[in-house]
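Novice: Have a look at this one.
Here, each number is a calculation from the coordinates, and none is a lab measurement. For clarity, every value in this text was computed on a predicted model and none was experimentally measured. For neighbour counting, all protein chains shown are included, and Cβ atoms are generated from backbone atoms with ideal geometry for every residue, glycine included.
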Amino acid sequence: MSDEIPRPVEQDPELLQKLQSLNTIGTISYVLHLIVAVSAIVPGGQWGPTLLLVALVLDMVKRGDAEGTWHASHFRWRIRTVITAGALYLVTAPLWLLILVPGWIAWTAISIWFLYRIATGFIAMNKGQEMEIPA
């Protein structure tokens, strides 16, 4: 028997730097999404749409940098979440024009779903886990 302790495989420094950069971008994006989600539920969230567009553009621009890493699933997760929520908001917008209460209920439900998806993704990213692909 050997008394040597097995050493962990050293990773490529460039890969580590890339992963750290992607983690920083992901954190910024998730925080922007969380601000949007909370401001959608709490009245007075005037900056929500602007921050959402900033986060979406950030994700679209940096998505290619994440290809081949576990971060790619988080970029897909955030982009799909925003697109799905946006489509749901557009589809339910006429409810605001017809009757106030159903529109408020629909948008609250969409906002809670959005908050859940963003929080779930943020937690998984901080654990270093890949996201599931279903929207």
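Novice: Between Leu95 and Thr120, what's the calculated FRET efficiency when r is the beta-carbon distance and R0 is 30 Å? Round to 0.05.
Specialist: Numbers: r = 27 Å, r/R0 = 0.89.
Working from the Cβ atoms, E equals 0.65.
Novice: Shifting gears a bit: Measure nothing fancy, just the Cα-based angle from helix 48-62's long axis to the longest principal axis of the chain, in degrees from 0 to 90, nearest 10.
Specialist: Here the helix axis deviates by roughly 30 degrees.
Novice: Per the helix-only calculation at 222 nm, which mean residue ellipticity applies to the chain, given -39500 (n - 2.57) for every DSSP H run of n ≥ 4 and division by its residues, nearest 500 deg cm²/dmol?
Specialist: Working: 4 runs with 99 residues, N = 135.
Taking each H run of at least 4 residues, the total per residue is -26000 deg cm²/dmol.
Novice: Note down the relative contact order for the chain as a percent, whole number, built from C-alpha pairs under 8 angstrom at least six residues apart.
Specialist: Numbers: 118 pairs, mean separation 38.6, N = 135.
29 percent.
Novice: Would you work out which of Pro94, Val36, Ser73 lies farthest towards the positive end of the dipole of the chain? Charges go on Cβ: Lys and Arg +1, Asp and Glu -1.
Specialist: After comparing all options, I get Pro94.
Novice: Then there is this: Relative to the longest principal Cα axis of the chain, at what angle does helix 13-41 sit, 0 to 90 degrees, rounded to 10?
Specialist: 20 degrees
Novice: Assuming R0 = 35 Å, can you tell me the calculated FRET efficiency for the pair Arg76 and Ile105, based on Cβ-Cβ distance, to the nearest 0.05?
Specialist: The formula returns an efficiency of 0.75 here.
Novice: Can you figure out the FRET efficiency of Ile112 with Asp12, using R₀ = 30 Å and their beta-carbon distance, to the nearest 0.05? Provide the component values of the computation, followed by the final result.
Specialist: On the way: r = 41 Å, r/R0 = 1.37.
That gives a FRET efficiency of 0.15.
Novice: Quick check: net charge around Val82, other residues with Cβ under 13 Å of its Cβ, Lys/Arg +1 and Asp/Glu -1?
Specialist: Details: positive: Arg63, Arg76, Arg78, Arg80, Arg117; negative: Asp59.
Taking every other residue near Val82 into account, the sum is +4.
Novice: Pull out the extension gain between Thr84 and Val42, defined as 0.36 nm times the separation in residues minus the alpha carbon to alpha carbon distance; nm, one decimal. Please report the intermediate quantities before stating the final value.
Specialist: Working: separation 42, 0.36 × 42 = 15.12 nm, distance 2.07 nm.
Taking 0.36 nm per residue and subtracting the Cα distance, the gain is 13.1 nm.
Novice: Per residue, how big is the convex hull of the chain when only Cα atoms are used? Give it in Å³. Before the final figure, lay out the partial values.
Specialist: Numbers: hull volume 17.7 nm³, N = 135.
It is 131 Å³ per residue.
Novice: Residues in segment 105-135, backbone N under 12 Å from the label point at Asn23 (7 Å along the Cα-to-beta-carbon vector): list them, ranges by number please.
Specialist: 125-129
Novice: So, one more: Counting Lys and Arg as +1 and Asp and Glu as -1, each charge on the Cβ, what is the dipole of the chain about the Cα centre in debye, to the nearest 20?
Specialist: For this selection, approximately 640 debye.
Novice: Another question about this same structure. What do you get for the angle between helix 71-98 and the principal long axis of the chain? Use alpha-carbon atoms, 0 to 90 degrees, nearest ten.
Specialist: Taking the Cα atoms of the chain, the angle to 71-98 is about 0 degrees.
Novice: Sum up the charges of everything whose Cβ sits under 9 Å from the Cβ of Ile25, counting Lys and Arg as +1 and Asp and Glu as -1, but leave Ile25 out.
Specialist: It works out to a net charge of -1.
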